[in-house]
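> The structure's right below; bear with me while I get my questions together.
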Amino acid sequence: MQNGSCPWSTWESPSLVFCEEAICAWIKTPANTWSNLSFCLVGLSIYWLEANKSRELRGYGISAVLIGSL
């Protein structure tokens, strides 16, 4: 999607093609953003609930947050 009204319309387009089409807004791919936020929220809840119980689950929570932030 290239039009002159987007602030990033002059930037080079990425070579990757995703399922969701980028839109001209602050959040270019809303479905991708919501799914990443869900990874972060679930990871934080796992970390919070299991922080004192299981070291492995605490690491799993941190990993989920890192996956969601990429």
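> Which condition breaks for Thr10 when tested against (1) surrounded by 10 or more Cβ atoms within 10 Å (Cβ to Cβ); (2) of a type outside the set (Phe, Trp, Tyr); (3) assigned to a loop (DSSP other than H, G, I, E, B)?
Of everything listed in (1) surrounded by 10 or more Cβ atoms within 10 Å (Cβ to Cβ); (2) of a type outside the set (Phe, Trp, Tyr); (3) assigned to a loop (DSSP other than H, G, I, E, B), Thr10 misses just condition (1).
> Also, I was wondering about something else. Search the stretch 1-20 for residues being aromatic (Phe, Trp, Tyr) and farther than 22 Å from Ala64 by Cβ, and hand back the single one that is modelled with the highest pLDDT.
Going through the qualifying residues, I end up with Trp11.
> All but one of (1) touching a residue at least 12 places away in the same chain (Cβ under 8 Å); (2) within 12 Å of the chain's Cα centre (by Cα) hold for Ala31; state the number of the condition that does not hold.
Answer for Ala31: the failing condition is (1).
> Tell me whether the stretch 16-28 contains one or more residues that are in a helix (DSSP H, G or I) and not aliphatic (A, V, I, L, M).
The answer is no, given that none of the residues of the stretch 16-28 is in a helix (DSSP H, G or I) and not aliphatic (A, V, I, L, M).
> Let me ask something else. Is the stretch 21-34 home to any residue that is modelled with pLDDT of 85 or more and in contact with a helix residue (DSSP H, G or I) (Cβ under 7 Å, 6 or more places away or on another chain)?
There is no residue in the stretch 21-34 that is modelled with pLDDT of 85 or more and in contact with a helix residue (DSSP H, G or I) (Cβ under 7 Å, 6 or more places away or on another chain).
> Given the criterion surrounded by 11 or more Cβ atoms within 10 Å (Cβ to Cβ) and either closer than 24 Å to Cys6 by Cα or of a type in the set (Asp, Glu) (or both), identify the matching residue among Ile23, Ile62.
Among Ile23, Ile62, only Ile23 is surrounded by 11 or more Cβ atoms within 10 Å (Cβ to Cβ) and either closer than 24 Å to Cys6 by Cα or of a type in the set (Asp, Glu) (or both).
> Show the residue pairs meeting these rules: Cβ distance below 6 Å; 6+ apart or different chains; first residue within the stretch 6-21 and under 19 Å from Thr33 (Cβ atoms); second residue assigned to a loop (DSSP other than H, G, I, E, B).
Short answer, once both residue conditions are applied: Cys6/Cys24; Glu20/Thr29.
The values are calculated or read from the model by the stated rules, or taken from the named source; none is laboratory data. None of the values given here were measured: they were computed from a predicted structure. Positions of Cβ are generated from backbone atoms using ideal geometry, with glycine treated the same way; all protein chains shown enter the neighbour counts.
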